[in-house]
Every structure is written in structure tokens, then in C-alpha cells.
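S.K.: First the structure, then my questions, so here it is.
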Amino acid sequence: MVATIGANIRRRRVELGQTQAQAAAAYGLSQRSLQRVELGQRELSVSELAAIANAQHKRLEWYTQPRGECKLRVRQRVANAT
């Protein structure tokens, strides 16, 4: 369940066009805490999830439903050939 909630938080954050830093500030979390939530490594309290749901304009139960893979653009680091 923790992984599903985290994935859905990330999915909605991406849909809203927010960076982790922007979203974490809006949710009252540190960026590291939000990163751990999105990776399914940190559980949220009900009040934390309610604050996120409010900020993301979603109902609480939306976060508990599996939604498939979240496809994100990933920046690749290119090593400079010298």
C-alpha cells in the first residue's frame, strides 16, 4: 500500500508540473521526505496524506488505487569525453 500511495503522489505531482522541491514545500515536507514517500520507503500519517490530497485536489481514496506504471522523463547524464 505504501508503494501505491507513493506512486500516485508522484503521478499527480508530475501531472501538475511540479518539481519535488515545489511539491514538498506545498505539502509541508522536506524534499528528502517526499522523495522517500514517492519511492515507497516512508509511510505518511493520515494528516500528511490529507494535506497532500488537498494540495493535489484529489480524494484520499484516489491514492490507494493502483494505476499502473508512472512514465516519467528521466534526464540522462552524459559524461564529457576528454
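S.K.: If you go through region 17-25 one residue at a time, do you hit one that is more than 12 Å from the chain's Cα centre (by Cα) and at pLDDT below 95?
M.R.: no
S.K.: Taking region 1-26, which residues are of a type in the set (A, V, I, L, M) and either surrounded by fewer than 12 Cβ atoms within 10 Å (Cβ to Cβ) or free of Cβ contacts under 8 Å to residues at least 60 places away in the same chain (or both)?
M.R.: Selection gives M1, V2, A3, I5, I9, V14, L16, A21, A23, A24, A25, A26.
S.K.: On to the next question. Go through region 27-52 and count every residue that is open to solvent by less than 60 Å² (accessible area, probe 1.4 Å) and part of a helix (DSSP H, G or I).
M.R.: Within region 27-52, residues that are open to solvent by less than 60 Å² (accessible area, probe 1.4 Å) and part of a helix (DSSP H, G or I) number 10.
S.K.: Another one. For R67, are the conditions met, namely being open to solvent by 60 Å² or more (accessible area, probe 1.4 Å) and either within 13 Å of V2 (Cα to Cα) or out of contact with any Lys or Arg (no Cβ under 9 Å at 6 or more places or on another chain) (or both)?
M.R.: No; evaluated as a whole, the condition is false for this residue.
S.K.: Could you list all residues from region 23-60 that are in contact with a helix residue (DSSP H, G or I) (Cβ under 7 Å, 6 or more places away or on another chain) and of a type in the set (K, R)?
M.R.: Across region 23-60, the qualifying residues are R42, K58, R59.
S.K.: Could you check region 29-60 and list, in sequence order, the residues that are touching a residue at least 12 places away in the same chain (Cβ under 8 Å) and over 16 Å from V2 (Cβ atoms)?
M.R.: Within region 29-60, A51, A55, Q56, K58 meet the criteria.
The values are calculated or read from the model by the stated rules, or taken from the named source; none is laboratory data. Model, not experiment: these values are computed from the prediction. As a convention, Cβ positions derive from the backbone with ideal geometry for all residues, glycine included, and neighbour counts pool all protein chains shown. Accessible surface is based on the protein model in full, side chains and every heavy atom, while ligands, DNA and RNA are left aside. Shrake-Rupley method; radii C 1.70, N 1.55, O 1.52, S 1.80 Å.
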